[in-house]
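**Student:** Shown below is the structure under consideration.
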Amino acid sequence: MLDDLAALAANDPSGMLDAVLGLAAQVRDGYREGLGAVDLPAGDGVTAVAVCGMGGSGVSGDIVRALYRDRLTLPVTVAKGPVLPAFCGKDTLVLLSSYSGNTAETLACFEQATHWGCRVVAVTSGGELARRAAEQGVPTVPVPTGFQPRAAVGHLTFGVLGALEAMGVVPTLEEEVDHVATVLERVRNRIGPEVPESENRAKRLARAIGDRFPVLWGADGVGSVAAARWRTELNENAKVPAFSAALPELDHNEVVGWAAGTGERFVLLTLRHTGEHADVAERFPPSVEVALSSGMLHEEVRADGDSPLAALMSLVMLGGAVSVYLAAARGVDPTPIDAITRIKKALEG
Ligand code: PA5
């Protein structure tokens, strides 16, 4: 049914696939929104950057950290919980990323950041975060409503990047953003629903996963962020358990767990990109060998694009499409996230 357009649409009434495949436009729009945000704090003298956010909104922080790890002398930290690191102070730039604006952990970080006199920016489509930001004169990068948080990854990530550039914390990204969007448009044309499975990498990968549990491995940095993003997209869209890890770290522990026979219900997807550290790249073949000997199937997935950001975003789009096609193959609607909603409601009390 992956080539049956009517069946795909019927399985995805809220249009998750369209949102996933619309990433190029989001990248351009998000960057503009970030660049154009008004009354941003001064970037002069900033000594560290902290991005706070959970789930689909927190991934923007992971992407920014991976991207700048070897380009920026400032530390970039990602807070995925209700606690802001204690080093944050008046010279720390704290970006609060919450699509809904109502996430308890992100609101807790907002309170700490404003209380500690940090330079604060909110990135949100509304909710309590937008309300508190307006009340306290904290600038906001506006994100459009109407998306699931995970499907707004382009707006959130490039909103953060645009704001960082506008404050002078990172050099201009204009050309890079253009390259990313061009690469994503190309990828979209190769993996859209109208492209038959025989030529469609995303559909073929969904088919390869089938009834097995996906295990995602990527190289430390860009690859590991991509692997984690695939895991969460497979969790939330396809409603399957999935696992992710990074090389070289997994060579120091996880590989031992893949003893003969343990991999029979799993499929390994290695997410590869040009620019991996040579010492890390050479670890893939022997590590995959271990996985195969455990009974796992294996598929290698190569990123598109010449820059780390383009490679990462191409993998983000591909993983999103794979997860929606897998949802279709399994007959589940990719959009609802009942367990997340239930837990949030239970804690509202
Ligand atoms: O995918 C999701 O919906 C979740 O992971 C949310 O992103 C997460 O719960 C945080 O919510 P928000 O993105 O609105 O801050």
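The values are calculated or read from the model by the stated rules, or taken from the named source; none is laboratory data. Quick caveat: nothing in here was measured; it's all calculated off a predicted structure. Cβ atoms come from the backbone with ideal geometry, glycine included; neighbour counts cover every protein chain shown. We work out accessible area using only protein heavy atoms, side chains counted, and drop any ligands, DNA or RNA first. Shrake-Rupley method; radii C 1.70, N 1.55, O 1.52, S 1.80 Å.
**Student:** Looking at the stretch 99-123 only, could you name the residues that are within 15 Å of the ligand (Cβ to nearest atom), crowded, with 22+ Cβ neighbours inside 10 Å and of a type outside the set (A, V, I, L, M)?
**Tutor:** Tyr99, Gly101, Thr103, Thr106, Cys109, Phe110
**Student:** Please go through the stretch 172-216 and pick out each residue that is among the β-branched types (Val, Ile, Thr) and either surrounded by fewer than 17 Cβ atoms within 10 Å (Cβ to Cβ) or outside any helix (DSSP H, G or I) (or both).
**Tutor:** Listed by number, the residues that qualify are Thr172, Thr182, Val195, Val215.
**Student:** Are there any pairs with C-beta distances below 6 angstrom linking a residue in the stretch 227-250 that is within 18 Å of Ala329 (Cβ to Cβ) to a residue that is aromatic (Phe, Trp, Tyr) and open to solvent by 10 Å² or more (accessible area, probe 1.4 Å), with the two at least 6 apart or on different chains, and if so which?
**Tutor:** From residues that are within 18 Å of Ala329 (Cβ to Cβ), the pairs are Pro241/Phe213.
**Student:** Residue pairs, Cβ under 6 Å, 6 or more apart or interchain, first in the stretch 96-107 and in contact (Cβ under 8 Å) with a residue 12 or more places away in the chain and of a type in the set (S, T, N, Q), second open to solvent by 20 Å² or more (accessible area, probe 1.4 Å) and more than 7 Å from the ligand (Cβ to nearest atom). List them.
**Tutor:** Ser100/Gly127; Asn102/Gly127; Asn102/Glu128
**Student:** Let me ask something else about it. Check the stretch 148-171 and report whether any residue there is open to solvent by 10 Å² or more (accessible area, probe 1.4 Å), at pLDDT 95 or above and of a type in the set (Ser, Thr, Tyr).
**Tutor:** No, there is no match, as no residue in the stretch 148-171 is open to solvent by 10 Å² or more (accessible area, probe 1.4 Å), at pLDDT 95 or above and of a type in the set (Ser, Thr, Tyr).
**Student:** While we're looking at this one, here's another question. Among (1) polar (S, T, N, Q); (2) buried (at least 17 other Cβ atoms within 10 Å of the Cβ); (3) within 13 Å of the ligand (Cβ to nearest atom), where does Gln26 come up short?
**Tutor:** (3)
**Student:** Can you name every residue in the stretch 56-83 that is over 22 Å from Thr232 (Cα atoms) and either surrounded by fewer than 18 Cβ atoms within 10 Å (Cβ to Cβ) or within 16 Å of the ligand (Cβ to nearest atom) (or both)?
**Tutor:** Those that are over 22 Å from Thr232 (Cα atoms) and either surrounded by fewer than 18 Cβ atoms within 10 Å (Cβ to Cβ) or within 16 Å of the ligand (Cβ to nearest atom) (or both): Arg69, Asp70, Arg71, Leu72, Thr73, Leu74, Pro75, Val83.
**Student:** A further question follows. Could you check the stretch 72-111 and list, in sequence order, the residues that are over 19 Å from Ser57 (Cα atoms), among the polar types (S, T, N, Q) and modelled with pLDDT of 95 or more?
**Tutor:** Thr92
**Student:** A further question follows. For the stretch 300-317, does any single residue satisfy the condition of being in contact with a strand residue (DSSP E or B) (Cβ under 8 Å, 6 or more places away or on another chain), charged (D, E, K, R) and either outside any helix (DSSP H, G or I) or open to solvent by less than 10 Å² (accessible area, probe 1.4 Å) (or both)?
**Tutor:** Checked against the condition, which is being in contact with a strand residue (DSSP E or B) (Cβ under 8 Å, 6 or more places away or on another chain), charged (D, E, K, R) and either outside any helix (DSSP H, G or I) or open to solvent by less than 10 Å² (accessible area, probe 1.4 Å) (or both), the stretch 300-317 yields at least one hit.
**Student:** Still on this structure, I have one more. From the list Gly126, Gly162, which one is within 30 Å of Glu185 (Cβ to Cβ), in contact (Cβ under 8 Å) with a residue 40 or more places away in the chain and either small (Gly, Ala, Ser) or within 13 Å of the ligand (Cβ to nearest atom) (or both)?
**Tutor:** On inspection, the qualifying residue turns out to be Gly162.
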